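To start, the structure itself, in structure tokens.
The values are calculated or read from the model by the stated rules, or taken from the named source; none is laboratory data. This is a predicted model, so every value here is computed, not measured. With ideal geometry, Cβ positions are generated from the backbone for all residues, glycine too; neighbour counts draw on all protein chains shown. What goes into the accessible areas is simple: the full protein's heavy atoms, side chains included, and nothing from ligands, DNA or RNA. Shrake-Rupley method; radii C 1.70, N 1.55, O 1.52, S 1.80 Å.
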Amino acid sequence: MPLTHEEKAERARARLLESAKAYSTSTYARKVATIFQRMIRAEAGADPRRYVTAIVNCEVRQVEREIGQCVCITCGRVACWTGNSVGGGEIETGHFLASRRNSILFEETNTAPQCKICNRHGGGEQQLYRRWMTMVRGVAEIERLEKLKTVSRSFSHGELVDMRIGFAARLKAAEATMKRGGR
Ligand SMILES: [Zn+2]
């Protein structure tokens, strides 16, 4: 009898859980965060909208992009969602609140595409990022994240594995959407 889809999924989960247990939950959370961040960029790349709101030279602009591209929200730079390997300007996943605390580690609204220059060399361009957040996601969301940042949160291996499976599925779906040209 061939395995059903559910049985396959359950076995895959069990294997992942086994390998996750080789790590502490905090180390494993960082690994899951890497997939989460890649998913954020992939979904931004797969987004069908032609224009993305960004801060360009301290002004709010609508920046044009194509499927597969992300826009740095704090400078307007447009680049492939996977980044490129020739240095400078590739897209990363920038965090509004820089804290890596578990409570906000997987908050999607705390993240947005940013170029390497803004994210690393510009220290995340916090003032510009806050301006963009206020405009695009609103003050209430900023306050929610700031409050959440102060809360302590821990994850079990099982919770992290389930999140990993969910993020990996969304990443795969976004990649498939981009391959189809956004449809
Ligand atoms: Zn930038």
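Residues of the stretch 89-109 being among the charged types (D, E, K, R), away from the ligand (no atom under 16 Å from the Cβ) and buried (at least 16 other Cβ atoms within 10 Å of the Cβ), which ones?
If the condition is that a residue be among the charged types (D, E, K, R), away from the ligand (no atom under 16 Å from the Cβ) and buried (at least 16 other Cβ atoms within 10 Å of the Cβ), then Glu107 is the only one that fits.
Any chance you could count how many residues in the stretch 1-12 are open to solvent by 60 Å² or more (accessible area, probe 1.4 Å) and either under 13 Å from Asp162 (Cα atoms) or not aliphatic (A, V, I, L, M) (or both)?
8
Restrict the check to the stretch 46-57 and report whether at least one residue is of a type outside the set (Ser, Thr, Tyr), at pLDDT 95 or above and assigned to a helix (DSSP H, G or I).
Looking for residues that are of a type outside the set (Ser, Thr, Tyr), at pLDDT 95 or above and assigned to a helix (DSSP H, G or I), one finds at least one in the stretch 46-57, hence yes.
Going by what's in this entry, would Ser156 be described as at pLDDT below 95, polar (S, T, N, Q) and out of contact with any strand residue (DSSP E or B) (no Cβ under 6 Å at 6 or more places or on another chain)?
no
Which of (1) surrounded by 12 or more Cβ atoms within 10 Å (Cβ to Cβ); (2) of a type in the set (Phe, Trp, Tyr); (3) out of contact with any helix residue (DSSP H, G or I) (no Cβ under 6 Å at 6 or more places or on another chain) is the odd one out, the single condition Tyr51 does not satisfy?
Only one criterion in (1) surrounded by 12 or more Cβ atoms within 10 Å (Cβ to Cβ); (2) of a type in the set (Phe, Trp, Tyr); (3) out of contact with any helix residue (DSSP H, G or I) (no Cβ under 6 Å at 6 or more places or on another chain) is unmet by Tyr51, namely (1).
Any chance you could count how many residues in the stretch 55-64 are touching a Lys or Arg at 6+ places or on another chain (Cβ under 7 Å) and within 24 Å of Arg183 (Cα to Cα)?
So the answer is 1.
Could you please let me know if Gly83 is at positive phi, open to solvent by less than 30 Å² (accessible area, probe 1.4 Å), at pLDDT 95 or above and not polar (S, T, N, Q)?
The answer is no for Gly83.
Only one of Arg137, Arg131, Arg120 is open to solvent by 20 Å² or more (accessible area, probe 1.4 Å), closer than 22 Å to Tyr51 by Cβ and within 16 Å of the ligand (Cβ to nearest atom). Can you tell me which?
Step by step, each of Arg137, Arg131, Arg120 is checked, and only Arg131 is open to solvent by 20 Å² or more (accessible area, probe 1.4 Å), closer than 22 Å to Tyr51 by Cβ and within 16 Å of the ligand (Cβ to nearest atom).
So if I check each of Arg15, Arg65, Arg30, which one is open to solvent by 60 Å² or more (accessible area, probe 1.4 Å) and at pLDDT 95 or above?
Being open to solvent by 60 Å² or more (accessible area, probe 1.4 Å) and at pLDDT 95 or above holds for just one of Arg15, Arg65, Arg30, which is Arg15.
Somewhere in the stretch 40-54, is a residue more than 25 Å from Gly181 (Cβ to Cβ), in contact with a strand residue (DSSP E or B) (Cβ under 8 Å, 6 or more places away or on another chain) and within 16 Å of the ligand (Cβ to nearest atom)?
No, every residue in the stretch 40-54 fails to be more than 25 Å from Gly181 (Cβ to Cβ), in contact with a strand residue (DSSP E or B) (Cβ under 8 Å, 6 or more places away or on another chain) and within 16 Å of the ligand (Cβ to nearest atom).
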